[in-house]
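These notes are about the structure you will find just below.
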Amino acid sequence: MTSLRVPLLLFAVFVSLAGCQSRPVPPAGEEVPGSAWALASWNLAGRLGYRAGNEGGSASLDWQQRDSAGVIRFSGPLGFGSAAIHWQPGLATLSTGRETVSAGDPTSLALQLTGLLLPVDALQYWVRGLPAPTDTDHLARDDNGDLSQLEQLGWQLELTRYQDYLGLRLPGKIRAQRDDQRFTLLIRHWEPLP
């Protein structure tokens, strides 16, 4: 397992944030038909860069979300080529081609692999330009009304490069930092699904 420990920091940061998706519940007053709150299934392609302490790297990713189940495929200079993370309620699995590791949920998987306890069920909201339905320390919107800054679960986020995708305003870049952990997600392609 130690051969996977360093490269899996990327997975710990990303997948424990992605969590197990459930149908989102918007705060009162933000329920707008056709808004990002209604989006529960999508395809997303992009690039993820991360740093955790003295370790860091980057990878291309393809994320397929279908309601409460998803898969993220990573490729690039991760130290072992490509990998995939699959999750559904009650199970999260990381496969690298050399090894497969499973846990009951992404938080437990991240904790098991890296010793880090990171927030769950957050990135699935942040990637849609939404605050997660939990306590928010700070929230700011730009002139278009898009979420531009957010402090939540100890993470400081900056969301930029919004574009319209099938009538939805979705971010194209997310930068996040918490203590010595940080990541940048550049989204090349969004495909919202019904």
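Between the C-alpha center of segment 123-167 and that of segment 178-194 there is a gap of 11 Å. Rolled with a 1.4 Å probe across the full set of protein chains, the surface gives residue 180 an accessible area near 90 Å². Put a dot 7 Å past the Cα of residue 139, heading toward its Cβ, do the same for residue 188, and the two dots end up 3.3 nm apart.
The values are calculated or read from the model by the stated rules, or taken from the named source; none is laboratory data. The structure presented is a predicted model; accordingly, all values stated were derived computationally and were not measured. Note: ideal-geometry Cβ built from the backbone for every residue, glycine included; neighbour counts use all protein chains shown. Please note that ligands, DNA and RNA were not included when accessible areas were found on the heavy atoms of the full protein model with its side chains. Shrake-Rupley method; radii C 1.70, N 1.55, O 1.52, S 1.80 Å.
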